[in-house]
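The values are calculated or read from the model by the stated rules, or taken from the named source; none is laboratory data. Keep in mind it's a predicted model, so treat the numbers as computed, not measured. Cβ placement follows ideal geometry from the backbone for every residue including glycine, while neighbour counts extend to all protein chains displayed. With ligands, DNA and RNA removed, areas are computed over all heavy atoms of the protein, side chains included. Shrake-Rupley method; radii C 1.70, N 1.55, O 1.52, S 1.80 Å.
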Amino acid sequence: MTAHTTEVGVGLISVGWMGKVHSRAYQAIPVVYPELGITPRLVIAADTEPSRAEYAKDVLGFAESTLDYHEVLAHPDVDVVSICAPNFLHAEIGIAAAKAGKAFWIEKPVGRGVDETRSVEAAADEAGVVSTIGFNYRHAPAIEKAKALIADGSLGRITNIRGVFFADYSSEPNGALSWRFTRALAGSGVLGDLMGHLVDLMHYIAGPIDAVTALTSTIHTERPIQQMGTGTHFDVIEGGELGPVENEDYAGMLVRFRGDAVAAGAVGTLEASRVAVGPRASYNIEIYGTEGSLMWDFERMNELHVAIGRKGDLIGYTRVMSGPSFGDFAHFQPGAGTGMGFDDLKVVEARKFLESYTGAKHVNSNIHDAVAAAAVVDAAERSAESGAWVSLPPVSGVTAAVR
Ligand SMILES: NC(=O)c1ccc[n+]([C@@H]2O[C@H](COP(=O)([O-])OP(=O)(O)OC[C@H]3O[C@@H](n4cnc5c(N)ncnc54)[C@H](O)[C@@H]3O)[C@@H](O)[C@H]2O)c1
């Protein structure tokens with residue numbers, strides 16, 4: 001630990017999957033980034049499910065727990081808040097956090113659509129609080145390297161992209177009808193859940209998308225009902241009461257990048273599915289340029305496939321392993337080959353959030369990035385209904401795309 005340590009009081013709202021991951025990320029900060037001199041202190045956690053609130057205190061190490069998230073926002077020792085609630089609560093809690101003057105790290109998608117995301121943006125802007133969005137795939141060291149290769153022109157002019165975020169978490173027809181399948185609780189389906197991540201990743205490495213056309217479909221239209229606060233959305237329930245799936249399982253888009261994007265004028269396709277059989281969490285991007293190409297897949301997140309040049313007989317993809325010169329890799333492992341994992345991406349995200357909170361400028365995604373991604377998702381939903389192309393005006397504020 002450095003001589004000067006800044007203690008930051010942490011509040012957590014919702015102790016589901018992401019609530020646990022955020023908590024572990026805060027705890028890792030002094031170990032992984034001792035040079036920052038930031039020590040997060042876990043102050044209070046809230047969940048309406050009593051066993052989860054207790055778990056936060058007994059196991060995760062929060063000093064206090066409550067069933068009412070308002071107590072987290074009102075707590076005088078809480079400086080920053082993690083908002084890990086289901087989507088329908090994001091706008092309500094995000095706005096309340098901003099009004100309480102708390103910096104917040106909020107999970108994606110921020111609310112049930114772009115209007116709710118914009119309402120959180122307005123509150124954060126008015127209060128002047130720091131925000132960070134759970135767009136964790138940005139932080140993979142291989143992605144940071146890919147971003148640098150695109151930016152320095154190693155791939156030449158970027159001509160076209162492909163992104164395929166295919167998961168199998170609901171591929172089983174008896175997969176639980178969690179809150180993710182209900183419009184009132186989630187908003188859109190795989191568009192908000194996985195496509196938003198993919199759009200943000202493209203914004204981060206290739207620049208803003210300015211027009212889309214899309215198709216969506218729902219493959220399994222009924223599922224067994226799961227009560228809020230129990231189990232996970234990976235659960236399979238045999239013989240339970242069925243309820244309707246109200247949002248899409250699959251979405252496919254054609255996209256065009258804006259004229260001032262790093263990938264100016266490039267075109268491509270983005271797809272997302274939550275019911276694919278085979279890919280487990282195959283979050284795959286491909287970027288093609290006039291001088292080279294690259295490929296990355298989250299299932300092998302420590303690898304980057306790079307092809308540069310068109311001459312000679314050794315052209316084609318080379319598999320490169322992430323190592324200490326890629327992104328934040330050196331903070332986790334001393335040498336290439338020993339890989340990082342999903343939770344480590346959240347540690348990087350916590351680092352960027354806390355650095356932003358303690359004064360660094362624009363080190364991570366913020367609420368304007370959430371609006372940018374939500375606007376593309378919203379345009380895709382409208383296009384899927386009308387069959388038309390939808391154009392996207394630039395979003396306000398500093399986003400990754402203009403940084
Ligand atoms: N960044 C990522 O890769 C990633 C991954 C998974 C989930 N997410 C996002 O994180 C959010 C949470 O997802 P999850 O998988 O952790 O959900 P989850 O279902 O595991 O947990 C949600 C929790 O919220 C609690 N809750 C419900 N109402 C509440 C209230 N009024 N006050 C406090 N708590 C309440 C539930 O009891 C439950 O414990 C979602 O927005 C989701 O899209 C992001």
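Which order do the peptides 263-276, 376-389, 188-201 come out in when sorted by mean C-beta neighbours inside 10 angstrom, highest first?
Values: 263-276: 21.4, 376-389: 18.8, 188-201: 26.7.
Going by the mean number of other Cβ atoms within 10 Å, highest first, we get 188-201, 263-276, 376-389.
Given Cα pairs under 8 Å that are at least 6 residues apart, what percent is the relative contact order of the chain? The partial results should precede the final answer.
Details: 950 pairs, mean separation 75.4, N = 403.
Result for the chain is 19 percent.
Say each of Thr48 and Thr232 gets a label point 7 Å from the Cα, pointing the same way as Cα to Cβ; how far apart are those two points in nm?
2.2
Quick one: if the Förster radius is 60 Å, what FRET efficiency do Arg183 and Glu7 give, using the C-beta to C-beta distance and rounding to 0.05? Display every interim value, and only then the final one.
Values: r = 41 Å, r/R0 = 0.69.
For R0 = 60 Å, the calculated efficiency reads 0.90.
Rank by packing, highest mean first: peptides 207-215, 103-111, with packing defined as the count of other Cβ atoms within 10 Å averaged across residues. Working shown, then result.
Details: 207-215: 22.0, 103-111: 26.9.
Highest-to-lowest ranking by the protection proxy: 103-111, 207-215.
If packing is taken as the mean number of other Cβ atoms within 10 Å per residue, what is the order of 363-374, 163-174, highest first? The partial results should precede the final answer.
Details: 363-374: 25.8, 163-174: 20.5.
Those peptides, ordered most packed to least, come out 363-374, 163-174.
Be a star and scan the stretch 38-70 for residues whose amide nitrogen sits under 15 Å from the point 7 Å along the Cα-to-Cβ vector of Arg24.
Within reach of a label on Arg24: 56, 59-61.
Any chance you could check the Cα centroid distance between the stretch 202-270 and the stretch 40-91 for me, in angstrom?
28
For the stretch 238-332, what relative contact order do you get, as a whole percent, if you take Cα pairs closer than 8 Å and at least 6 residues apart? If you can, show how the numbers build up before the last one.
Working: 118 pairs, mean separation 13.5, N = 95.
Reported relative contact order: 14 percent.
Rg(Cα) of the stretch 272-350 divided by 2.2 N^0.38 Å? Walk me through the numbers before you get to the answer.
Numbers: Rg = 14.9 Å, N = 79, 2.2 N^0.38 = 11.6 Å.
Rg over 2.2 N^0.38 Å, computed on Cα atoms: 1.28.
State, to one decimal in nm, how far the label point of Val363 lies from the label point of Thr39, with both points 7 Å from Cα in the Cβ direction.
The answer from the label model is 1.9 nm.
Work out, in µm²/s and without decimals, the Stokes-Einstein translational diffusion coefficient of the chain at 37 °C, 0.692 mPa s, Rh from Kirkwood over C-alpha pairs. All intermediate terms of the calculation are to be shown ahead of the outcome.
Details: Rh = 21.6 Å.
Reported coefficient: 152 µm²/s.
Multiply the residue separation of Asp260 and Arg319 by 0.36 nm, subtract the distance between their alpha-carbon atoms, and state the gained length in nm to one decimal.
On the way: separation 59, 0.36 × 59 = 21.24 nm, distance 3.07 nm.
My answer for the length gained is 18.2 nm.
Please compute the per residue accessible area over the stretch 6-136 with all protein chains in place, 1.4 Å probe, rounded to a whole number of Å².
Working: 4820 Å² over 131 residues.
In whole numbers, the stretch 6-136 has 37 Å² accessible per residue.
Return the subset of Lys20/Lys57; Lys147/Lys311; Lys20/Lys108 for which the Cα-Cα distance in this structure is over 22 Å, preserving the input order. The partial results should precede the final answer.
Numbers: Lys20/Lys57 12 Å; Lys147/Lys311 24 Å; Lys20/Lys108 16 Å.
Pairs exceeding the cut-off: Lys147/Lys311.
Kindly report the accessible area of the stretch 229-350 per residue (heavy atoms of protein chains, probe 1.4 Å, no ligands, DNA or RNA), in Å². Don't skip to the answer; put the middle values down first.
Numbers: 5710 Å² over 122 residues.
For the stretch 229-350, the solvent-accessible area averages 47 Å² per residue.
Just round it to a whole percent: the fraction of Cα-Cα distances in the stretch 6-136 exceeding 18 Å. Each step should come with its number before you reach the end.
Working: 4208 of 8515 pairs.
Roughly 49 percent, once rounded to a whole number.
How much of the accessible area of the chain, in percent, comes from carbon and sulfur atoms when a 1.4 Å probe is used? Numbers along the way, then the final one.
Numbers: 8480 of 16100 Å².
With neighbouring chains kept in place, the figure for the chain is 53 percent.
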